[in-house]
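**Student:** Attaching a single structure in structure tokens format; questions to follow.
Here, each number is a calculation from the coordinates, and none is a lab measurement. Note that the structure is predicted; figures quoted are calculated from it, not measured. Quick reminder, even Gly has a Cβ in these numbers, built from the backbone with ideal geometry, and neighbours come from all protein chains shown.
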């Protein structure tokens, strides 16, 4: 079994040389655009695939990530990588913050964090690394 980077390197080589291409391959969504530009991926909307018929079963943003600039659907989403937020209920209660304020939008999230700090002394995030992780995941 190949490691993550080795897998994508091997698929890049296979696409560029048309040698050793599998019928089906797994790839990270960040590689879809790069692989689609090379022209080695089929438009899955066309027969015999017809994945357009399943569009309503897919999360809209996941579907959109699988569509190339030319409109061809070149990948089939298999997961969406959902995230979760854990918080101490006693602290958000003391701060008068609701779960909706933590998840409505970024402005509300920041305002809730400021209120939590002001009213309880607690921090909404542990360190600056978490800001990067949040932004990358968004």
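**Student:** Compute the helix-to-body angle for 128-137: its Cα long axis versus the longest principal axis of the chain, expressed 0 to 90° and rounded to tens.
**Tutor:** Once rounded, the angle reads 40 degrees.
**Student:** Just to confirm the number: angle between the C-alpha axis of helix 4-17 and the first principal axis of the chain, 0 to 90 degrees, nearest 10?
**Tutor:** 30
**Student:** Set the Förster distance to 30 Å, then compute FRET efficiency between residue 27 and residue 93 from the Cβ-Cβ distance, nearest 0.05.
**Tutor:** Working: r = 44 Å, r/R0 = 1.46.
Efficiency, from the Cβ-Cβ distance: 0.10.
**Student:** Does anyone have the angle between helix 106-120 and the longest principal axis of the chain? Alpha-carbon axes, 0 to 90°, nearest 10?
**Tutor:** 30
**Student:** Continuing with the same structure: How long are the semi-axes of the ellipsoid equivalent to the chain, from square roots of 5 times the Cα gyration tensor eigenvalues, in whole Å, largest first?
**Tutor:** Numbers: eigenvalues 353, 65, 26 Å².
Sorted largest first and rounded, they come to 42, 18, 11 Å.
**Student:** Taking square-rooted eigenvalues a ≥ b ≥ c of the alpha carbon gyration tensor, is the stretch 89-136 rounded, prolate or oblate, where a/c under 1.5 means rounded and, failing that, a/b exceeding b/c means prolate?
**Tutor:** Details: a/c = 2.20, a/b = 1.39, b/c = 1.58.
In terms of gyration-tensor shape, oblate.
**Student:** Grab the DSSP H runs of the chain that are 4 residues or longer, score each as -39,500 (n - 2.57), total them, divide by all residues and round the 222 nm result to the nearest 500 deg cm²/dmol.
**Tutor:** -13000 deg cm²/dmol
**Student:** Using a 7 Å offset from the Cα along the Cα-to-Cβ direction at both residue 70 and residue 84, what is the distance between the two label points in nm, to one decimal?
**Tutor:** Simple spin-label model gives 4.2 nm for this pair.
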